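*Asks:* I have a structure here, written as structure tokens, and I will follow up with some questions on it.
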């Protein structure tokens, strides 16, 4: 670190961000002693310059040699964006930046010498569970998108890690949030100053569109456009870009396909890259490439990560004029959309639909008119009638943004968090456990009532029954400690412990996979159509004796969930027997992006099962899980395990090498180099031979 900096944080950030004067949000943060170590909650609209406030805190922290800073983000894509931004801007002053979003059974010691570490809340939670040494050096915590505390999946983890950091390290906390109605509550909980502002550097005009009219907050305006397509075409004709949000992947893809012919056929390089991002292009890849040739793209979690990154980059560089997206693009990422259009404002779940919360709608609308790209922005919701338009105006343009609430009291969350707190030694007594919960946002808001204390006691009894804790000593057993480190639901650990005892040498791979698919971490599972019920019923009847999980009665309430776990396991079995992405898309309606998510989760659960098998002394079973881990990760049959370990060799090239007669690395010396080059390519072969 520099001993005597020639410039202070304000000068450096201004220079690197090309800022002449700070905006009102940034000035207010400085006035409230941001650079004196005061914790703050910054609640302001999207694109209002909250990231610059974070940069000021990080750089000042670094120059004054106060300690390590961590930057918590909700998404891996956002972590990558922040990592590159900080590295590009501030590596010249010596700031060492690290990023960590994966591997939840690691202490990530390589991050010890970094000045700033960017990570997800889940990764941070895992590091706390592993008692990672360098965390004690943390004295600045930045929590991006703090309003996600209200999210039932990510919120509890973010809330608990902030609580533990606040209580154990007393760092400066900088919580960045979209505009919320109870920002004061968050500030009071964190013991922080509140920086609240409605300032937005790029003016954003919000309205409701119906044919030939836009209804704004305070006026109506006649327009020539009759359809959403008309609006988009007028935006593109002006040399601008549009981002259109849909509630489902199907709607996003369908609209992109219909919109594409409205624009000339041109772009080819980007289309080719996206088409060939997978080893074997699927129908979805071809559909995307066809859209891209017209400067249109669809973007959702069903795409492979490499494809999403290419599309985001293509949009930033202006090669793509329109993106039709689900909410995967609603949080954080900085994209140059002049206009944002929300086509769907209801979310469907099961047999019903409900309005999307205003907080989420505002996040989507806020993607329009971004600094560095535009001087103004337009954000529109599409209504089907004038009556609906006024209803949407009252709900989303004039209505209040919902307050955020803690989701920490949900039963699965309590199981996970109570075990973690005891296993790490953070709570070494009932009173300390209740004290820590009282210091959460949940405790701050609702208190630890008698009913909540009873829920805690029930959770303790359950964990003791599982053999994970001893309530007398208030310590975790070795098994409980390992379950906490493995970052899985204690109930999932119990299921895995039961199933690994039932595994026999004759147990087929699909039943290993069904066992892990019965765990909550693998949800959502694949849904069933009418015909599949009968097919899976027949499968269960035929193989009833081979299952290593308990078969539910056909009339049990969880029978359908069991069948979904079986269907998911069969899909994974197809994958490890080298079915390609297109086959799985056609047969199971599972996209390449979904394959990645499912296989990533499956690898993690197979790893957890392997570790539990080792703990129980079941070495042979553990080794079988280990083989399955690699097979699921790579999508290969067991005969390719040796070849896949060679750097640069994937499932397709491994199969080609196997067809030539290769079985392991040493076989490369025995084969004609021309044949090998045809199989794997010249560059890959050169790297392999150098490694040899």
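*Asks:* Restricting to the range 321-357, count the residues that are modelled with pLDDT of 80 or more and more than 21 Å from the chain's Cα centre (by Cα).
*Replies:* 15
*Asks:* Applying the selection to the range 41-54, what residues are touching a helix residue (DSSP H, G or I) at 6+ places or on another chain (Cβ under 6 Å) and either crowded, with 21+ Cβ neighbours inside 10 Å or farther than 22 Å from residue 18 by Cβ (or both)? Outline the logic, then answer.
*Replies:* The first filter runs over the range 41-54 and keeps only residues touching a helix residue (DSSP H, G or I) at 6+ places or on another chain (Cβ under 6 Å), leaving 41-44, 48-49, 52-53.
Passing the criteria: 41, 42, 43, 44, 48, 49, 53.
*Asks:* So which pairs qualify, if the first residue must be in the range 570-587 and touching a residue at least 40 places away in the same chain (Cβ under 8 Å) and not assigned by TED's automatic domain parsing to the domain that holds residue 537, the second must be buried (at least 19 other Cβ atoms within 10 Å of the Cβ) and in a helix (DSSP H, G or I), the Cβ gap must be under 6 Å, and the two must be at least 6 apart or on different chains?
*Replies:* none
*Asks:* Name the single residue, out of those in the range 201-222 being over 16 Å from residue 398 (Cβ atoms) and in contact with a strand residue (DSSP E or B) (Cβ under 9 Å, 6 or more places away or on another chain), that is surrounded by the most Cβ atoms within 10 Å (Cβ to Cβ).
*Replies:* Restricting attention to the range 201-222, the residues satisfying the condition of being over 16 Å from residue 398 (Cβ atoms) are 201-203, 209-213, 221-222.
Right, trim to in contact with a strand residue (DSSP E or B) (Cβ under 9 Å, 6 or more places away or on another chain) and you get 202-203, 209-210, 212-213, 221-222.
On the way: 202: 19, 203: 11, 209: 24, 210: 21, 212: 12, 213: 17, 221: 11, 222: 7.
Per the stated criteria, the residue is 209.
*Asks:* Quick one: would you say residue 674 is out of contact with any strand residue (DSSP E or B) (no Cβ under 7 Å at 6 or more places or on another chain), in the same structural domain as residue 511 (by TED's automatic domain parsing) and farther than 29 Å from residue 488 by Cα? Even if it seems obvious, please write down each step before you answer.
*Replies:* On the way: out of contact with any strand residue (DSSP E or B) (no Cβ under 7 Å at 6 or more places or on another chain): yes; in the same structural domain as residue 511 (by TED's automatic domain parsing): no; farther than 29 Å from residue 488 by Cα: yes.
No; evaluated as a whole, the condition is false for this residue.
*Asks:* Test of understanding: among 285, 291, which residue is touching a residue at least 40 places away in the same chain (Cβ under 8 Å) and either in contact with a strand residue (DSSP E or B) (Cβ under 7 Å, 6 or more places away or on another chain) or closer than 19 Å to residue 584 by Cβ (or both)?
*Replies:* 285
*Asks:* Let me ask something additional. Among the residues of the range 334-353, is any touching a residue at least 24 places away in the same chain (Cβ under 8 Å), closer than 15 Å to residue 244 by Cα, part of a helix (DSSP H, G or I) and not assigned by TED's automatic domain parsing to the domain that holds residue 596?
*Replies:* no
*Asks:* Pull up the range 86-114, narrow it to residues that are free of Cβ contacts under 8 Å to residues at least 12 places away in the same chain and touching a strand residue (DSSP E or B) at 6+ places or on another chain (Cβ under 9 Å), then point me to the one that is surrounded by the most Cβ atoms within 10 Å (Cβ to Cβ).
*Replies:* My answer is 87.
*Asks:* So which residues in the range 228-266 are surrounded by 20 or more Cβ atoms within 10 Å (Cβ to Cβ) and without any contact (Cβ under 8 Å) to a residue 60 or more places away in the chain?
*Replies:* The answer is 260, and nothing else.
*Asks:* Filter the range 431-448 down to the residues that are over 18 Å from residue 459 (Cβ atoms) and either surrounded by 19 or more Cβ atoms within 10 Å (Cβ to Cβ) or in contact with a strand residue (DSSP E or B) (Cβ under 7 Å, 6 or more places away or on another chain) (or both) and list them by number.
*Replies:* Hit for the range 431-448 is 441, nothing else.
*Asks:* How many residues are over 30 Å from residue 480 (Cβ atoms) and touching a helix residue (DSSP H, G or I) at 6+ places or on another chain (Cβ under 8 Å) if we restrict to the range 95-131? Outline the logic, then answer.
*Replies:* The first filter runs over the range 95-131 and keeps only residues over 30 Å from residue 480 (Cβ atoms), leaving 95-99, 113-116, 118.
Filter again for touching a helix residue (DSSP H, G or I) at 6+ places or on another chain (Cβ under 8 Å), leaving 95, 97-99, 115-116, 118.
Number satisfying all stated conditions: 7.
*Asks:* Any idea how many residues of the range 514-534 are part of a helix (DSSP H, G or I) and under 28 Å from the mean Cα position of the chain (by Cα)? Working first, answer last.
*Replies:* Of all residues in the range 514-534, those part of a helix (DSSP H, G or I) come to 514-517, 520-522, 530-534.
Subsequent filtering for residues that are under 28 Å from the mean Cα position of the chain (by Cα) retains 514-517, 520-522.
Number satisfying all stated conditions: 7.
*Asks:* Right, next: What are the residues in the range 445-475 that are in contact with a helix residue (DSSP H, G or I) (Cβ under 8 Å, 6 or more places away or on another chain), part of a helix (DSSP H, G or I), more than 14 Å from residue 417 (Cα to Cα) and at pLDDT 95 or above, if any?
*Replies:* The answer is 466, and nothing else.
*Asks:* Against the definition (in contact (Cβ under 8 Å) with a residue 12 or more places away in the chain and either in a helix (DSSP H, G or I) or more than 20 Å from residue 361 (Cβ to Cβ) (or both)), how does residue 149 come out, yes or no?
*Replies:* Working: in contact (Cβ under 8 Å) with a residue 12 or more places away in the chain: yes; either in a helix (DSSP H, G or I) or more than 20 Å from residue 361 (Cβ to Cβ) (or both): yes.
Yes; evaluated as a whole, the condition is true for this residue.
*Asks:* Also, I was wondering about something else. Mind counting the residues in the range 388-418 that are touching a helix residue (DSSP H, G or I) at 6+ places or on another chain (Cβ under 8 Å) and not in a helix (DSSP H, G or I)?
*Replies:* Kept after step one, since they are touching a helix residue (DSSP H, G or I) at 6+ places or on another chain (Cβ under 8 Å), are these residues of the range 388-418: 395-396, 399-418.
Checking which are not in a helix (DSSP H, G or I) leaves us with 399-410.
Residues in the range 388-418 being touching a helix residue (DSSP H, G or I) at 6+ places or on another chain (Cβ under 8 Å) and not in a helix (DSSP H, G or I): 12 in total.
*Asks:* Now, a different point. Among the residues of the range 315-330, are any closer than 13 Å to residue 252 by Cβ and in a loop (DSSP other than H, G, I, E, B)?
*Replies:* Start the filter on the range 315-330 by keeping residues that are closer than 13 Å to residue 252 by Cβ, which leaves 322-330.
From what is left, the residues that are in a loop (DSSP other than H, G, I, E, B) are 326, 330.
Yes, there is a match, as at least one residue in the range 315-330 is closer than 13 Å to residue 252 by Cβ and in a loop (DSSP other than H, G, I, E, B).
*Asks:* Next question, about the same structure. Looking only at the range 249-278, filter to residues that are touching a helix residue (DSSP H, G or I) at 6+ places or on another chain (Cβ under 9 Å) and not in a helix (DSSP H, G or I); which one of those is modelled with the lowest pLDDT?
*Replies:* 267
*Asks:* Checking residue 233 against (1) in a helix (DSSP H, G or I); (2) more than 34 Å from the chain's Cα centre (by Cα), only one condition comes out false. Which one?
*Replies:* (2) is the only condition that residue 233 fails.
*Asks:* Then there is this: Which one of the conditions (1) in contact with a helix residue (DSSP H, G or I) (Cβ under 7 Å, 6 or more places away or on another chain); (2) surrounded by fewer than 16 Cβ atoms within 10 Å (Cβ to Cβ); (3) in a loop (DSSP other than H, G, I, E, B) does residue 225 fail to meet, given that it meets all the rest?
*Replies:* In the conditions (1) in contact with a helix residue (DSSP H, G or I) (Cβ under 7 Å, 6 or more places away or on another chain); (2) surrounded by fewer than 16 Cβ atoms within 10 Å (Cβ to Cβ); (3) in a loop (DSSP other than H, G, I, E, B), residue 225 misses (2) alone.
*Asks:* Could I ask something else about it? Looking only at the range 380-387, decide whether some residue is buried (at least 22 other Cβ atoms within 10 Å of the Cβ), outside the structural domain of residue 48 (by TED's automatic domain parsing), at pLDDT 95 or above and touching a helix residue (DSSP H, G or I) at 6+ places or on another chain (Cβ under 6 Å).
*Replies:* Taking the range 380-387 as the starting set, the residues that turn out to be buried (at least 22 other Cβ atoms within 10 Å of the Cβ) are 380-381.
Of the ones still in play, those that are also outside the structural domain of residue 48 (by TED's automatic domain parsing) are 380-381.
Still in the list and also at pLDDT 95 or above: 380-381.
So of that shortlist, the ones also touching a helix residue (DSSP H, G or I) at 6+ places or on another chain (Cβ under 6 Å) come out as 381.
Within the range 380-387, one or more residues are buried (at least 22 other Cβ atoms within 10 Å of the Cβ), outside the structural domain of residue 48 (by TED's automatic domain parsing), at pLDDT 95 or above and touching a helix residue (DSSP H, G or I) at 6+ places or on another chain (Cβ under 6 Å).
Okay, residues lined up against (1) surrounded by fewer than 18 Cβ atoms within 10 Å (Cβ to Cβ); (2) in contact with a helix residue (DSSP H, G or I) (Cβ under 9 Å, 6 or more places away or on another chain); (3) assigned to a loop (DSSP other than H, G, I, E, B):
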{"position": "512", "(1), (2), (3)": "no, yes, no"}
{"position": "545", "(1), (2), (3)": "yes, no, no"}
{"position": "549", "(1), (2), (3)": "no, yes, yes"}
{"position": "552", "(1), (2), (3)": "yes, yes, yes"}
{"position": "555", "(1), (2), (3)": "yes, no, yes"}
{"position": "566", "(1), (2), (3)": "no, yes, no"}
{"position": "572", "(1), (2), (3)": "no, yes, no"}
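The values are calculated or read from the model by the stated rules, or taken from the named source; none is laboratory data. Note that the coordinates shown come from a computational prediction; the quantities given were computed from them, not determined experimentally. Don't worry about glycine lacking a Cβ; one is built from the backbone with ideal geometry, like all the others, and counts go over all protein chains shown.
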